[in-house]
1. If you scan the stretch 91-139, which residues turn out to be open to solvent by 20 Å² or more (accessible area, probe 1.4 Å), within 13 Å of the ligand (Cβ to nearest atom) and not aliphatic (A, V, I, L, M)?
2. Could you list, in sequence order, all residues of the stretch 7-21 that are open to solvent by 70 Å² or more (accessible area, probe 1.4 Å) and assigned to a loop (DSSP other than H, G, I, E, B)?
3. Given the criterion out of contact with any helix residue (DSSP H, G or I) (no Cβ under 9 Å at 6 or more places or on another chain), at pLDDT below 95 and surrounded by fewer than 17 Cβ atoms within 10 Å (Cβ to Cβ), identify the matching residue among 32, 88.
4. In the stretch 35-51, how many residues are within 10 Å of the ligand (Cβ to nearest atom) and either open to solvent by less than 50 Å² (accessible area, probe 1.4 Å) or more than 14 Å from the chain's Cα centre (by Cα) (or both)?
5. Against the condition on the phi > 0 side of the Ramachandran plot, without any contact (Cβ under 8 Å) to a residue 60 or more places away in the chain and within 16 Å of the ligand (Cβ to nearest atom), how does residue 22 come out, does it pass?
6. Starting from the stretch 76-87, take each residue that is acidic (Asp, Glu) and list its partners that are surrounded by 12 or more Cβ atoms within 10 Å (Cβ to Cβ) and part of a strand (DSSP E or B), counting only C-beta distances under 9 angstrom and pairs at least six apart or across chains.
7. Return yes when residue 12 is under 13 Å from the mean Cα position of the chain (by Cα), on the phi < 0 side of the Ramachandran plot, away from the ligand (no atom under 12 Å from the Cβ) and modelled with pLDDT of 95 or more and no when it is not.
8. Can you confirm whether the stretch 64-74 contains a residue that is closer than 21 Å to residue 4 by Cα, open to solvent by 20 Å² or more (accessible area, probe 1.4 Å) and touching a residue at least 24 places away in the same chain (Cβ under 8 Å)?
Amino acid sequence: MKQTELNDIEEISIPKISDPDGRGNLAVIENNILQYKIKRVYYLYDIPSDATRGGHAHINLRQSLIALSGSFDVVLDDGKERKTITLNKPNKALLIPTGIWRELENFSSGAVCLVLASEVYDEADYIRGYEDFKLFKNT
Ligand code: TYD
């Protein structure tokens, strides 16, 4: 399997249709803009501001995160380097490939994180320990 790195993480602009009569925006995900077929949709909400979500990597699953409302930070780690991306726009998707450790933190009040996943839920696809992740990445 290809060893993914931070460079493989993409921020994708979701096409937005602004209403000409000032009735707001509509964003649409179609035409494979996420590069995979969506098999599962879930969302995180009512997250306390001091909570951390994530804290794992996936072996086969790819997923895209969208801040449907509010904002939060995504800490990304490829076993060698770390970077933090703040999500706060409903028309931006953060596409996280396989083999990237992620932690979600600093949720604003009312934040909603939509997750569009390439696979159905499978606990066996998770790497939940950071030391196991380092072994998996051989770093
Ligand atoms: P987890 O993926 O660890 O959440 P987060 O990364 O946001 O902290 O999932 C939390 C719990 O929910 C865990 O017990 C697995 C369960 N779960 C499902 O049953 N189905 C799902 O689709 C997801 C994403 C989680």
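The values are calculated or read from the model by the stated rules, or taken from the named source; none is laboratory data. Because the structure is predicted, anything quoted here is derived from the model rather than measured. Cβ: placed from backbone, ideal geometry, glycine included. Neighbour counts: every protein chain shown. Please note that ligands, DNA and RNA were not included when accessible areas were found on the heavy atoms of the full protein model with its side chains. Shrake-Rupley method; radii C 1.70, N 1.55, O 1.52, S 1.80 Å.
1. Result: 103, 105, 119, 121, 122, 123, 126, 128, 129.
2. 20, 21
3. 32
4. 4
5. no
6. Hits for this filter: 77/57; 77/101; 77/102; 77/103; 78/101.
7. Considered against the rule, which asks whether it is under 13 Å from the mean Cα position of the chain (by Cα), on the phi < 0 side of the Ramachandran plot, away from the ligand (no atom under 12 Å from the Cβ) and modelled with pLDDT of 95 or more, residue 12 comes out as yes.
8. Yes; the residues of the stretch 64-74 include at least one that is closer than 21 Å to residue 4 by Cα, open to solvent by 20 Å² or more (accessible area, probe 1.4 Å) and touching a residue at least 24 places away in the same chain (Cβ under 8 Å).
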